[in-house]
Each structure stands twice: as C-alpha cells, then as structure tokens.
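To start, the structure itself, in structure tokens.
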Amino acid sequence: MDQLLEQIPNIRRKLLKNRKKFWKENKKNFKKNIKLLVNKAELPERWKIYIVASDFLFDKKIFPFDYDSWSATNLISATKNQGFEIMLFFNKARSEFLSLPALIPLLKHELYHINQVAKNPKEYLLSVINDDLSRKLEIEAEKNTYTNDEFRKEWVLESVLYCYDIGSWKFAKKMANFLFKEMKNIYGGGYERGMTKKEYEIFLKAMKKENIKIFIKNFI
C-alpha cells in the first residue's frame, strides 16, 4: 500500500497533460493489476475465488456513470459436497481505465464482501432479496473501503477525467453527479458518497470556466 501511495503524486501531475497514453496503459494492464492486488489480499481459507474481469454482452456501450457498470461478489456454493466458491466480477466499464492506486477502493469493497460471504453465507445470500440486509452489508463494506482517503481521491479524479476525455463536460458532469448525488442510493443503498461536497463544487467551478485543470490541481 505504501508503494502505491507513493505513486499517486506523480500520477496526478501526469494527468495535467495528454492522458491518452495513460488510459491506454491502464486498460492494457487491467487484468494483470486486478490479479496483482487480489493476490496480495488476505483471502478466507478453504474458499475458492473465481475472478472475472469483463464487460456485459449488451447491445449498447456502458459508461462508468451508468447503472449497469456495477461490479459484484457472488456466492456460488457453500456446502461440503458442492464446495466453497465465490465469483468476484469486476466490470471493465467502470474500472478498466483506472491505475493501480485508483483500483484500490473498488477492490477493497469487493474483497470485504468476500469476507462477509465466508463469515455468513446464508446472510449474504438472503441480502439479494432483502433491502435492509443488503444495506447493512454495504455499510459494513464501505466502512472498510476508504481506509486511506488518497486512494478515494485518485479514484474520483481518474473517473471524472476519463469521462471528460471520452465525452467532454457532458460525460464528466454525469460522472461527478453519479459520485456525489446518485451513488449513495443505488443498488439498495448503504454506500457513501464517492465525491465530497468541496470536490463537487470545484468541479462545477472548473466546468463553468471550461478549464478541467482547475479540478485536477485541487488534487495536487
């Protein structure tokens, strides 16, 4: 984690310039980065973890701010005969373009769900048909996701900038709105805001002045 934290200042300075190569490299290394981070995590004993990093087979393009860009931790089986297996799905639509440090919040959230599955498979399974239980588990996962705010900031910054680069201010605003306004209520609730009020206000200022560097420099 310390090595990843040390990378962040240099990454943020690079984001002031042409980011095309940056996104291309992240996409190229996406699966390798996911595997690297999962391999460093402490996973529950006896459980077999399947890792899938992919897009949905939709007839439309899914963007990072779309509802259908979610990732998930799914219980496959939890008996002696069927085995103890979990599928960890990372949605490329929301995460493929992110750097290693920016992937940390997404990864930590899903890894905490793995521990919830291992601790109480029945409760986790029931949560998919019980909104109150789902919200409870998401709140627990969120509390263990943002243990270092620099990783959250990097995730926010890269998410907004990527959307800006592929769809200008229209897409950037959709991403900012998702992080600040919509995220806390999606998928049954229990999530924290991805973006702070101050960060959102600075984004609006940058958009008004049509200068994305105002937003970037807030993180440097």
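The values are calculated or read from the model by the stated rules, or taken from the named source; none is laboratory data. Just so it is clear, the structure is predicted and the values come from calculations on it, not from any experiment. FYI the Cβ positions are ideal-geometry reconstructions off the backbone, even for glycines, and counts take in every protein chain you see.
Surrounded by 18 or more Cβ atoms within 10 Å (Cβ to Cβ) and within 30 Å of Asn120 (Cα to Cα): which single residue out of Ile34, Ile51, Ile76 fits that description?
Of the residues listed, the single one that is surrounded by 18 or more Cβ atoms within 10 Å (Cβ to Cβ) and within 30 Å of Asn120 (Cα to Cα) is Ile34.
For the range 170-185, the condition holds for at least one residue, the condition being that it is more than 20 Å from the chain's Cα centre (by Cα), closer than 25 Å to Ser71 by Cα and modelled with pLDDT of 95 or more. The sole residue among Val160, Val156, Val117 that is β-branched (Val, Ile, Thr), crowded, with 23+ Cβ neighbours inside 10 Å, modelled with pLDDT of 95 or more and over 14 Å from the mean Cα position of the chain (by Cα) is Val117. Considering the conditions (1) part of a loop (DSSP other than H, G, I, E, B); (2) hydrophobic (A, V, I, L, M, F, W, C); (3) in contact (Cβ under 8 Å) with a residue 60 or more places away in the chain; (4) in contact with a helix residue (DSSP H, G or I) (Cβ under 6 Å, 6 or more places away or on another chain), Ile62 is excluded by exactly one of them, (3).
Kindly indicate whether Phe180 is without any contact (Cβ under 8 Å) to a residue 40 or more places away in the chain and of a type in the set (A, V, I, L, M, F, W, C). Yes: the conditions hold for Phe180. Evaluate the range 37-51: report whether one residue or more is touching a residue at least 40 places away in the same chain (Cβ under 8 Å), of a type outside the set (Phe, Trp, Tyr), within 26 Å of Gln3 (Cα to Cα) and part of a helix (DSSP H, G or I). There is at least one residue in the range 37-51 that is touching a residue at least 40 places away in the same chain (Cβ under 8 Å), of a type outside the set (Phe, Trp, Tyr), within 26 Å of Gln3 (Cα to Cα) and part of a helix (DSSP H, G or I). Of everything listed in (1) under 19 Å from Lys213 (Cβ atoms); (2) surrounded by fewer than 22 Cβ atoms within 10 Å (Cβ to Cβ); (3) under 15 Å from the mean Cα position of the chain (by Cα); (4) not aromatic (Phe, Trp, Tyr), the single unmet condition for Asn144 is (1). Here Ala93 meets the list (1) crowded, with 19+ Cβ neighbours inside 10 Å; (2) on the phi > 0 side of the Ramachandran plot almost entirely, failing just condition (2).
Inspect the range 210-220 for any residue being under 17 Å from Ser95 (Cβ atoms) and touching a residue at least 40 places away in the same chain (Cβ under 8 Å) and give the result as yes or no. Lay out the reasoning, then the answer.
Keep residues of the range 210-220 that are under 17 Å from Ser95 (Cβ atoms), which gives none.
No.
Table: residues versus (1) part of a loop (DSSP other than H, G, I, E, B); (2) surrounded by fewer than 19 Cβ atoms within 10 Å (Cβ to Cβ); (3) of a type in the set (S, T, N, Q); (4) in contact with a Ser or Thr (Cβ under 6 Å, 6 or more places away or on another chain).
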{"residue": "Tyr124", "(1), (2), (3), (4)": "no, no, no, no"}
{"residue": "Ser168", "(1), (2), (3), (4)": "no, yes, yes, no"}
{"residue": "Lys184", "(1), (2), (3), (4)": "no, yes, no, no"}
{"residue": "Lys198", "(1), (2), (3), (4)": "no, yes, no, no"}
